[in-house]
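For reference, the structure is listed below as structure tokens.
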Amino acid sequence: MPARTDRGAVAALHELDTEICHCRRCPRLVAWCEGVARTKRAAYADEEYWGGPVPGFGSSAPAIWIVGLAPGAHGANRTGRMFTGDRSGDWLFSALHRAGLASMPTSTRRDDGQRLDHVRITAAVHCAPPDNKPTTQERRECASWLDRELGLISPTVRAVVALGAVAWGAALGVMRRAGWTVDAEPFGHGARAVAGLPSGRLVTIVASYHPSQQNTFTRRLTEPMLDDVFRVARRAAGLP
């Protein structure tokens, strides 16, 4: 699929990302992110933490949209880039690289040169929540960012990968709010849904267990399982 060169869409995504970075809608999350950035983890004591809402990352004309849960306290909340700087990100970017969708198998910091091809990563919640558990109200507050992002990328997106049950619900919800028809299986690894746009075009949504340490250490999620998800996504997106 050729990349879209719509400068207006690129500018609109940049504006969206800037607004997300300045969001202060959820006082509990703002306080938590800033507190973590002050106290830090000993291993990162000499680093300056991002300490706030983390915008999306990747292509401005994605064929594949990845939706995660939220930034990690010492991962994206530290580095300022989705799934960057923690073990969950190590798993995700390694899988993306194996699938030919990322330029490097690691993502360690915002200026490391990582590039995503045909892919954009976002999250159901843009601030790191305590215990990785955003409240229902916090998820509702962040839903409007997903609404706007989907509106901007909908001309090119052909497949969605939802990492975890919260992301699955968020992905289906944003499509329904956009007026798309959604036929979905219950959440589970490899579960699928099909969303129909008013134009008649179909978008495939595929679920994966989240690449958290809890899932990867216990082998609830393995590398072949994650690779299978991205094979499905590539095929649904029409990528060679």
Among trypsin sites (Lys or Arg not before Pro) in the range 11-46, those in a DSSP loop whose Cβ has at most 10 other Cβ atoms within 10 Å are Arg24
Grab the DSSP H runs of the chain that are 4 residues or longer, score each as -39,500 (n - 2.57), total them, divide by all residues and round the 222 nm result to the nearest 500 deg cm²/dmol.
-12500 deg cm²/dmol
Ranked from highest to lowest mean number of other Cβ atoms within 10 Å per residue, what is the order of the peptides 190-198, 72-80?
72-80, 190-198
Pop a pseudo-label 7 angstrom from the Cα along the beta-carbon direction at both Tyr44 and Arg201 and give the gap in nm to one decimal.
3.6
Of (i) 50, 44, 35; (ii) 79, 53, 40; (iii) 50, 36, 34, which is the value of Cα extents along the principal axes in Å derived from the coordinates here?
(iii)
With the dipole of the chain defined by +1 on each Lys or Arg Cβ and -1 on each Asp or Glu Cβ, the option from Val194, Ala43, Pro129 whose Cα lies farthest towards the positive pole is Val194
Estimated dipole of the range 7-237 in Debye, rounded to 20 [Cβ of Lys and Arg +1, of Asp and Glu -1, Cα centre]
300
Give me Cys127, Cys33 sorted ascending by neighbouring Cβ count inside 10 Å, so fewest comes first.
Cys33, Cys127
Rank Gly169, Gly188, Gly113 by mean-square fluctuation in a GNM of the chain with C-alpha springs under 10 angstrom and give only the top-ranked residue.
Gly113
Name the residues whose placed amide hydrogens come within less than 5 Å of the amide hydrogen of Ala191, ignoring near sequence neighbours (fewer than 5 apart) on the same chain.
Ala207
The range 50-76 scanned against label point 7 Å out from Glu34 along Cα→C-beta; backbone N under 17 Å for 50-54
Can you sort Ser154, Ser88 so the residue with the fewest Cβ neighbours within 10 Å comes first?
Ser154, Ser88
Restricting the count to DSSP beta bridges whose residues both fall in the chain, what percent are antiparallel, rounded to a multiple of 5?
45
What list of ³J(HN,Hα) couplings, whole Hz, do you get for the range 7-15 from phi and the Karplus terms 6.51, -1.76, 1.60, once you set θ to phi - 60° and write x for glycine and proline?
5, x, 5, 4, 5, 5, 5, 4, 5
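Coordinate-derived values only; no laboratory data. What you see is a predicted model; the values in this text were computed from it and never measured. Here Cβ is always computed from backbone atoms with ideal geometry, including for glycine, and neighbour counts include all displayed protein chains.
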